[in-house]
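The values are calculated or read from the model by the stated rules, or taken from the named source; none is laboratory data. The model shown is predicted, which means the values in this text are computed figures rather than measured ones. Here the Cβ is made from the backbone with ideal geometry for all residues, glycine too, and neighbour counts use every protein chain on show.
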């Protein structure tokens, strides 16, 4: 199958899915956008919290490694 045929099929599928989604939407556009915005803010907060948690873990790990390196240098110098 040629790449142009695959691209056409993907585009057609995407378009059909989007149209079906719009026609089957349970709420009007403004309500749907508000719901999506609320969910997006929630996900953003979760991502920020997770990133902060991993940053703290990475900082703790780095400090532990630095301590071990310092101890090893001290023993062998």
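Within region 22-37, track down each residue that is surrounded by fewer than 10 Cβ atoms within 10 Å (Cβ to Cβ) and either at pLDDT 90 or above or assigned to a helix (DSSP H, G or I) (or both).
Across region 22-37, the qualifying residues are 23, 24, 29, 30.
Can you name every residue in region 1-20 that is in a helix (DSSP H, G or I) and surrounded by fewer than 10 Cβ atoms within 10 Å (Cβ to Cβ)? Break it down into steps so the answer makes sense when it comes.
Start the filter on region 1-20 by keeping residues that are in a helix (DSSP H, G or I), which leaves 3-20.
Selection gives 3, 4, 5.
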